[in-house]
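First the structure, in the form of structure tokens, and then the observations on it.
The values are calculated or read from the model by the stated rules, or taken from the named source; none is laboratory data. The model shown is predicted, which means the values in this text are computed figures rather than measured ones. Don't worry about glycine lacking a Cβ; one is built from the backbone with ideal geometry, like all the others, and counts go over all protein chains shown.
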Amino acid sequence: MTDYEVVIGLELHAQLATRTKLFCGCSTAFGAPPNSQTCPVCLGMPGVLPMLNRAAFDHVVRTALALHCRIDPETAMDRKNYYYPDLPKNYQISQNARPIGVDGWFDMESGGSIKRVRILNVHLEEDAGKLIHPEDTGAATSRVDLNRAGTPLVEIVTGPDLRSVEEAKAYMESMRQFLVALGVSDCKMQEGSLRFEASISLRPFGQEKLGPRVEIKNVNSVRFVLGALECEIRRQTELLNRGESVPQQTVLYDVRHDETRPMRSKEHAEDYRYFPEPDLVPLHLSPERLEAIRATIPELPLARKQRFMQCLGLSSYDAGILVEDPAIAGYFEACAALHADAKAVSNLITNEVLRELKERRLTIDAFPVRPEGLADLLRRMDAGEVSKTVARDVLTEMVATGRGAGPIIEAKGLRQIGDEAVLRALVLQAMQQNPKAVSEVRAGKSKARGALVGPVMRATQGKADPGLINRLIQELLNRPSSGE
Amino acid sequence: MAKISRDDVLHVALLSRVELTEEELELFQSQLAGILAYVEKLKELSTEDAEPMTSVMGLHDVFREDEPRASLGREEALANAPDRDEDSFRVPAVVE
Ligand SMILES: [Zn+2]
């Protein structure tokens, strides 16, 4: 099966984070009733003129800069002509001859190492409307909702640089994080604001020439892109193993049958009859303007992750979780500035804070425990005032009531029992009641230790310091006559 | 003179979604060839030092700010639709 090298290129469309459409003031808010966010411009009525949204343009320039592209100092919009019912003007305003950025690159992590993916093209274009296909396949009509028509998109095209389905997956995930951190898109896949198309070819290992390219359409989630790629690898491998060639074509992914099949009709690139969009004027990018936009680029996820690992000593796994959402990463940094043990901060956030957020469907910005409150809880954990287990309950209570850790610990009597005399008595009692466990622990079965720790924890309602219990067990075991 | 085949005319007609009669096909075949021959003449000019021109207006950098304006409202948006239902345009079924 693995006689061939897999060559994948990905093209993404992300909805830009703007309040209005690309050429008119209609809102881009998701979820409005069909056709309620439309006007003569985005409906393609005769005689209307488009006006370019500055925020959308700047977002694409920011993206192209962050992807190390060469920026065209004079870019322009082009008209791409085709007929489809979701395209009211019968053309799409896009960029062809002078895209904003070309020849850049994107570094991502894949399989534990850094991989550089070439970025061929970064440009601005408008989205089409949404076709709603009838449930029953025999129906004579489809419905069209033009709320999406004219929504600003950035298109990013990679070189044929991805060498496996895993790399494609890593690219899609890293790109999503990158665009969100850059602030140019919210990348909500379920709202259609991030979409991918893939092209794939196979070639014998060692061969330089690329095999015939198969484009995959109709894949609207990461899972489907991956499924379609797996399908194509199987299909093309079979063809090549039989000594047949793979025709260059466009295929559709059929989710239900998990198979790809050739698309019947497809207009070719030369049929789009691109020409400079006559209703819009050229766009200049002075060095000063470029620098001003460049200055708005924040630290991006990969760099941030590496800094968390190198400067704060976090594991790759933990740092990866934190940078997935720039707001979480920011929260972590705010906490780490108040509490020196960055690893402890990271553990509490990745384990408990993220769980609370998920359970309560909160974003970190709306999280009631602010960095000062979390740092206070961490200090109390450090001081041995509460155990890890109890800290978890305290945090839950902090989220639920908005109160600080101190009052909660006092009011609920959750203070950790670190009184050696009290615990020693309880440990001794547990050992007397369970001589079997005692002899097993003596025989080196450390698992049996749990049978001794358990009763002490129960007796103290989880408030006993587990480190201290373990030390006491060890001490009492070492005293030859104890427990008997 | 540039060659325009009958198939070229049919192809262009298809891309533009227009139906042509037999007479129109012949007429456009010769007219398109004439137009292309005329455009060919431009190749006689040297454009070596000329920047590609994207606009004749002499303006650049015309933007609007990202501020919402009222939309039309659904009834008005759908008013000219040849076919519609309660909230959407209706078009012949699109299947792929
Ligand atoms: Zn509009």
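Could you tell me whether any residue of the stretch B:17-24 is within 13 Å of another protein chain (Cβ to nearest Cβ) and either surrounded by 10 or more Cβ atoms within 10 Å (Cβ to Cβ) or hydroxyl-bearing (Ser, Thr, Tyr) (or both)? Yes, that holds for at least one residue.
Looking only at the stretch A:278-306, filter to residues that are in contact with a Ser or Thr (Cβ under 8 Å, 6 or more places away or on another chain) and not in a loop (DSSP other than H, G, I, E, B); which one of those is nearest to the other protein chains (Cβ to nearest Cβ)? Here the residue is A:283.
For every residue, the table says whether it meets (1) outside the structural domain of residue A:31 (by TED's automatic domain parsing); (2) over 19 Å from residue A:40 (Cα atoms); (3) touching a residue at least 24 places away in the same chain (Cβ under 8 Å).
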position	(1), (2), (3)
A:124	no, yes, yes
A:130	no, no, yes
A:134	no, yes, no
A:141	no, yes, no
A:145	no, no, yes
A:150	no, no, yes
A:155	no, yes, yes
A:160	no, yes, yes
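Of the strands (runs of 3 or more DSSP E) contained entirely in the stretch A:148-228, those carrying at least 3 residues that are at pLDDT below 95 fall at A:194-204, A:214-217.
Of note, residue B:88 does not satisfy the criterion of being of a type outside the set (A, V, I, L, M, F, W, C), more than 16 Å from the ligand (Cβ to nearest atom) and farther than 30 Å from residue A:135 by Cα. Taking residues in the stretch A:342-359 that are under 18 Å from residue A:376 (Cβ atoms), and partners anywhere that are among the small types (Gly, Ala, Ser) and surrounded by 15 or more Cβ atoms within 10 Å (Cβ to Cβ), the pairs with Cβ atoms closer than 7 Å and at least 6 places apart or on different chains are A:342/A:336; A:345/A:336. Only one of the listed residues (A:404, A:413) is surrounded by 13 or more Cβ atoms within 10 Å (Cβ to Cβ) and closer than 28 Å to residue A:368 by Cα. That residue is A:404.
Tally time: how many residues in the stretch A:42-60 are more than 9 Å from every other protein chain (Cβ to nearest Cβ), crowded, with 24+ Cβ neighbours inside 10 Å and of a type in the set (A, V, I, L, M, F, W, C)? Residues that pass the stated criteria total 1.
Inclusion of residue A:72 among residues that are over 29 Å from the mean Cα position of the chain (by Cα), away from the ligand (no atom under 13 Å from the Cβ), within 17 Å of residue A:280 (Cβ to Cβ) and charged (D, E, K, R) is warranted. Taking residues in the stretch A:27-41 that are under 21 Å from residue B:86 (Cβ atoms) and assigned by TED's automatic domain parsing to the domain that holds residue A:132, and partners anywhere that are outside any loop (DSSP other than H, G, I, E, B) and hydrophobic (A, V, I, L, M, F, W, C), the pairs with Cβ atoms closer than 7 Å and at least 6 places apart or on different chains are A:35/B:77; A:35/B:78; A:38/B:77.
Looking only at residues in the stretch A:441-484 that are under 20 Å from residue A:394 (Cβ atoms) and polar (S, T, N, Q), which one is modelled with the lowest pLDDT? Filtering the stretch A:441-484 for residues that are under 20 Å from residue A:394 (Cβ atoms) and polar (S, T, N, Q), the one modelled with the lowest pLDDT comes out as A:461.
Among the residues of the stretch A:225-251, those that are surrounded by fewer than 17 Cβ atoms within 10 Å (Cβ to Cβ) and of a type outside the set (D, E, K, R) comprise A:239, A:241, A:243, A:245, A:247, A:248, A:249. One residue stands out among those in the stretch B:55-82 that are surrounded by 13 or more Cβ atoms within 10 Å (Cβ to Cβ) and away from the ligand (no atom under 15 Å from the Cβ): the one that is farthest from residue A:279 (Cα to Cα), which is B:81. Total residues in the stretch A:181-204 satisfying the condition of being more than 23 Å from residue A:149 (Cα to Cα) and under 13 Å from the mean Cα position of the chain (by Cα): the figure is 2. Pairing residues of the stretch B:1-27 that are within 17 Å of residue A:82 (Cβ to Cβ) with residues that are in a loop (DSSP other than H, G, I, E, B), at Cβ distances under 6 Å and at least 6 apart in sequence or on separate chains, gives B:13/B:20; B:17/A:83.
Of everything in the stretch A:21-60 that's touching a helix residue (DSSP H, G or I) at 6+ places or on another chain (Cβ under 8 Å) and hydroxyl-bearing (Ser, Thr, Tyr), which residue is nearest to the ligand (Cβ to nearest atom)? Ranking the qualifying residues of the stretch A:21-60, first place goes to A:38.
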